[in-house]
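The values are calculated or read from the model by the stated rules, or taken from the named source; none is laboratory data. No experiment lies behind these values; they were computed from the predicted model shown. Note that each Cβ is placed from the backbone with ideal geometry, even for glycine, and that neighbours are counted across all protein chains shown. Please note that ligands, DNA and RNA were not included when accessible areas were found on the heavy atoms of the full protein model with its side chains. Shrake-Rupley method; radii C 1.70, N 1.55, O 1.52, S 1.80 Å.
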Amino acid sequence: MASNGNGNAIGKANGVPAGRNGLPKIQTAKRQDGGAPTVKAQTIDELHSLQKKKSAPTTPLDGAQGAFATMTEEERHKQQLQSISASLASLTRETGPKLVRGDPARQSETPRVSHAPDHHFAPTFSASDSSLKFTHVLYNLSPAELYEQAIKYEKGSFITSSGALATLSGAKTGRSPKDKRVVRDDTTEDELWWGKGSPNIEMDEHTFLVNRERAVDYLNSLDKVFVNDQFLNWDPENRIKVRIVSARAYHSLFMHNMCIRPTPEELENFGTPDFTIYNAGQFPCNRYTHYMTSSTSIDLNLGRREMVILGTQYAGEMKKGLFGVMHYLMPMRQILSLHSGCNMGKDGDVALFFGLSGTGKTTLSTDHNRYLIGDDEHCWSDKGVSNIEGGCYAKCIDLSREKEPDIWNAIKFGTVLENVVFDEHTREVDYLDKSVTENTRAAYPIEYIPNAKIPCVGPHPKNVILLACDAFGVLPPVSKLNLAQTMYHFISGYTALVAGTEEGVKEPRATFSACFGAAFIMLHPTKYAAMLASKMEKHGATGWLVNTGWSGGSYGAGSRMKLAYTRKIIDAIHSGKLLNANYKKTEVFGLEIPTEVEGVPSDILDPINTWSNKKAYKETLLKLGGLFKSNFEVFLDYKIGKDAKLTEEIVAAGPNF
Ligand SMILES: Nc1ncnc2c1ncn2[C@@H]1O[C@H](COP(=O)(O)OP(=O)(O)O)[C@@H](O)[C@H]1O
Ligand SMILES: C=C(OP(=O)(O)O)C(=O)O
Ligand SMILES: [Ca+2]
Ligand SMILES: [Mn+2]
């Protein structure tokens, strides 16, 4: 600042006499008390030990409540280690792994090493070296601790300028649905959906155990493993306890963000998990193992309540794997599991956003004017809706502060940023850069969204919005559906697979995925459809089909629907205005489309107006209609619900030409 004749400006700052260059002089004078305050430490090690106070996350008890209130910290640790030791025990050897709590690198600082009780440890000559080593358990670490672990030990971990943890997921940057297998046993044989169209590719119990042993051996061969004990489902009566054993801080932080985080009291009473994931993703499966067709295998065993991951580090496998488990467990309790986002207006009006990956569930459910219940996985029970997860997983390719401010602001300390590219020096992320993958992702706790509704539950939905990203550009931006049409489109699950989320998809391609989540459903689609129909009917919900894909031509010729327009359409659905608009019926699909929506140019509402070549439009429309018809053929033999009339209506609700 230039001097303007004010004597204080140069001579003194805050009353401290100025030294050379006008800067305040450094105080070196001795204090009256005989010296500057000194730390209460005699050695450097002691000084460092002062830095950290004992706290909750790894020792979750404040002593007051709970059945274990009388337990000492040591006893509690012992019990936790016993439970984890049981999780990690080999099924073929006599000895369980010897577990130690804490970071092996820090053992000098925390000398109190508690050994896992080795109940069946009896040294024999058959014991291998693996049973003689220790495995350190990093249990429910905090985000800060996980950052340190990642940055120290995992190549490709960096802190971005906004504080997020940038990581690389390795060779796989999307899910591998073709490598996902489900154990077919006497029970699942009858219960699950097998065969054409089903995501459940079978494997036998023995092969599962071979892969399980491989994963467990790999994990036990490491110096340390991360263990997360967390919950799924905000409906307290239907909460599921999950344990995730993984080798990377990245995976542990991802699940910390994505699952529901237990309070210290809840963790204290955690007990035995209902489901366990063994994530040995850095280690491949063995191609000589029966059924293995690549180095990647994601194996689900519902009987054992376990999942094994080999040969992929893509973190989405864990959350979507658990989603599959919920698609099995919840319908058994008459609860419908939904691959949908969910939000609620100020008046308590709830909307569901169904859609396949990349169609806009996360983007459109994250709405500054509404409460976010969740972005991806929900349950609909007799009491209303509940989120399964405790976090969101947003696509961030082309993310901008202007278009998606809430997601932008959620990318801060604690958030996992997968496979993004950033400036080497400033660590500013370039969200346009697809060098690593188009499927760049951010995983953050749901409370990072300012309007998150905690607990993440709400009343029965009023609107059921089916999102389709139509790469052909012939579906209208919005159509109002009757119940039969809603069911037809729900079972069809049409969209274009957008590049990146699944391996090998490089450009949008038409796909049909039953219930908008065929990769995750475990029962026949008509089971979920029947539940959805009866719930929508009972609670008077309206169905909508929203095309978030192309307009003005197919992919390559037209362009993606403007997000601003889609938001206006969604606003009109929420407000109830669209329910009472004027409608006309389209050819072929017989969809009811509004003639006007506030804030949206009327001419785009009927896609024919946006195509310069009307003949090409008509041909493309018929082509898509044909794809719908042939896709639906496999469902014609099934009855939906108890009422045969509904089935007939649903079949008739498809394209007609
Ligand atoms: N009209 C639109 N509606 C919704 N999303 C759009 C639209 N146009 C572009 N997008 C982009 O498409 C992507 C949708 O991804 P996301 O919301 O994460 O999907 P999902 O949660 O269903 O997997 C986002 O990157 C979003 O910015
Ligand atoms: C993470 C995924 O889901 P979504 O794109 O629906 O968020 C996925 O399909 O792998
Ligand atoms: Ca999805
Ligand atoms: Mn999503």
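Brief remarks on what is shown
- The set of residues from the stretch 367-389 being surrounded by fewer than 24 Cβ atoms within 10 Å (Cβ to Cβ) and either touching a Pro at 6+ places or on another chain (Cβ under 7 Å) or in a loop (DSSP other than H, G, I, E, B) (or both) comprises 367, 368, 369, 370, 382, 383, 384.
- Among the residues of the stretch 276-311, just one is of a type in the set (A, V, I, L, M, F, W, C), closer than 22 Å to residue 230 by Cβ and part of a loop (DSSP other than H, G, I, E, B), namely 302.
- Filtered residues of the stretch 380-402 (kept if among the basic types (Lys, Arg) and away from ligand 4 (no atom under 16 Å from the Cβ)): 383, 401
- Restricting 466, 417, 432 to those that are open to solvent by less than 10 Å² (accessible area, probe 1.4 Å) and either of a type in the set (Asp, Glu) or farther than 26 Å from residue 143 by Cα (or both) reduces the list to 466.
- All of (1) of a type outside the set (A, V, I, L, M, F, W, C); (2) more than 16 Å from ligand 1 (Cβ to nearest atom); (3) over 27 Å from residue 458 (Cβ atoms); (4) in contact (Cβ under 8 Å) with a residue 24 or more places away in the chain hold for residue 382 with one exception: (3).
- The listed residue being surrounded by fewer than 19 Cβ atoms within 10 Å (Cβ to Cβ) and at pLDDT 95 or above, out of 318, 307, 326, 332: 332
- Residue within the stretch 338-349 that is over 30 Å from residue 576 (Cβ atoms), in a loop (DSSP other than H, G, I, E, B) and out of contact with any strand residue (DSSP E or B) (no Cβ under 8 Å at 6 or more places or on another chain) present: no
- Flag not set for residue 351, criterion: farther than 16 Å from residue 235 by Cα and either within 16 Å of ligand 3 (Cβ to nearest atom) or open to solvent by 10 Å² or more (accessible area, probe 1.4 Å) (or both).
- Any hit, the stretch 393-402, residues being open to solvent by 10 Å² or more (accessible area, probe 1.4 Å), of a type in the set (Asp, Glu), without any contact (Cβ under 8 Å) to a residue 40 or more places away in the chain and assigned to a loop (DSSP other than H, G, I, E, B): yes
- Out of 510, 471, 514, one residue alone is at pLDDT below 95, crowded, with 21+ Cβ neighbours inside 10 Å and within 30 Å of residue 315 (Cβ to Cβ). It is 471.
- Screening the candidates 447, 438 for the property of being open to solvent by 10 Å² or more (accessible area, probe 1.4 Å) and within 16 Å of ligand 3 (Cβ to nearest atom) yields one hit, 438.
- Residue check for residue 212: within 26 Å of the chain's Cα centre (by Cα), among the basic types (Lys, Arg), assigned to a strand (DSSP E or B) and buried (at least 21 other Cβ atoms within 10 Å of the Cβ): no
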